[in-house]
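Colleague: Would you mind keeping the following structure in view while I ask a few things?
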Amino acid sequence: MPSSSLAAPLDVTLRPDRPATLDVDPPDDVPRWAAECREALRAQVAEHGALLVRGLGLRDADQVGAAFARLAGGSGLMAEREAFAPREAHAEGLYSSTAWPANQPMCMHHELSYRLEVPGLMLFACLTAPGQGGATAVADAEQVLRALPTGLTERFEREGWLLTRSYNDEIGASLAESFGTDDRAEIERYCRAHAIDFTWRPDGSLRTEQRRSAVVRHPLTGRRCWFNQIAFLNEWTLAPEVREYLVDEYGEDGLPFNTRYGDGSPIGEDVVQVLNGTYEEHTRREPWQAGDLLLVDNIRTAHSREPYTGDRQVLVGMAEPRRPADDCPAVEASER
Ligand SMILES: [Fe+2]
């Protein structure tokens, strides 16, 4: 049975397997509605980790951009850096969802968790709902941390995790898409400033490695969250035929992206299965309807994109920049 939150001024519906949902009547002026409701909406996101707003009737990129800008608050919408796959930019800080094969899932992850500065708030707007599937599902990172085997989380908490990236001209984001430039000196400056180790290979391609905390404290609640992309960006999450192709083409050490333990050891397939399986047990999903808005606390809540058929247009914004590693001195985000 649906139940409503008593604590809140907004009448939010809570169901066990779905994100908290707020049904509204379509306002005349969506950006003004967003500005007026921002504080109340943000309080709901803080309480529930994510909030789906249904009934707004979001219809085009201009309107979504204006609403996102109001919802982003004082620091505005963030420009994306270090993307692992390309997005189309509709306006400053307003992006398409990541280009990713429709029949492959984007497993649970926290956006840009491998950066020093991450978005604290994710904004999603659905302009076209897919025929089947394609939900942006969510999972609570506090619950996931508690549910994972203690030995595993303790190791990652102690060592952190490594993201390795190898740039090529065919798969994944280009240098310009990731760093905002393809100028070598500027890329090197960016890497030094953001605690990324880098190597230029003899063929001129770039390989990078960065170590980050796998468990962080939430900046508002202080509670510990499983916050990383260890599973999603690991080779064992890829479809077997895709992994095989990439290893054949680029070699074990040349995959466009891969993850490791903080000490550099490879992560076994069994561990990646445990991580993705635990996410699945904590997944809440609601199929998109055109016009929907979804707000996600990016540190408290992981999100995914499920496989789909048909057309799907979901716009994305990032806001409230945070530096979660500053609260986790145990793993220094630095050169090893
Ligand atoms: Fe994402």
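The values are calculated or read from the model by the stated rules, or taken from the named source; none is laboratory data. Every value quoted in this text rests on a predicted model; they were computed, and no experiment measured them. Here Cβ is always computed from backbone atoms with ideal geometry, including for glycine, and neighbour counts include all displayed protein chains.
Colleague: Restricting attention to segment 41-71, report how many residues are closer than 16 Å to E320 by Cβ and more than 23 Å from the chain's Cα centre (by Cα).
Modeller: The number of residues fulfilling the criteria is 0.
Colleague: Do you know which of the residues in segment 247-261 that are over 20 Å from E82 (Cβ atoms) and not charged (D, E, K, R) is farthest from the chain's Cα centre (by Cα)?
Modeller: G251
Colleague: Test L112 against the stated conditions and say whether it is within 15 Å of the ligand (Cβ to nearest atom) and crowded, with 16+ Cβ neighbours inside 10 Å.
Modeller: yes
Colleague: Still on this structure, I have one more. May I ask you to say which residue of S97, S113 is modelled with pLDDT under 95 and of a type outside the set (F, W, Y)?
Modeller: That would be S97, the only listed residue that is modelled with pLDDT under 95 and of a type outside the set (F, W, Y).
Colleague: Kindly indicate the residue of segment 303-322 that is among the charged types (D, E, K, R) and more than 24 Å from Q143 (Cα to Cα) and also nearest to the ligand (Cβ to nearest atom) among those meeting that condition.
Modeller: Here the residue is R312.
Colleague: If I go through segment 117-145 residue by residue, how many of them are closer than 22 Å to L275 by Cα and either touching a helix residue (DSSP H, G or I) at 6+ places or on another chain (Cβ under 7 Å) or among the charged types (D, E, K, R) (or both)?
Modeller: Selection size over segment 117-145: 6.
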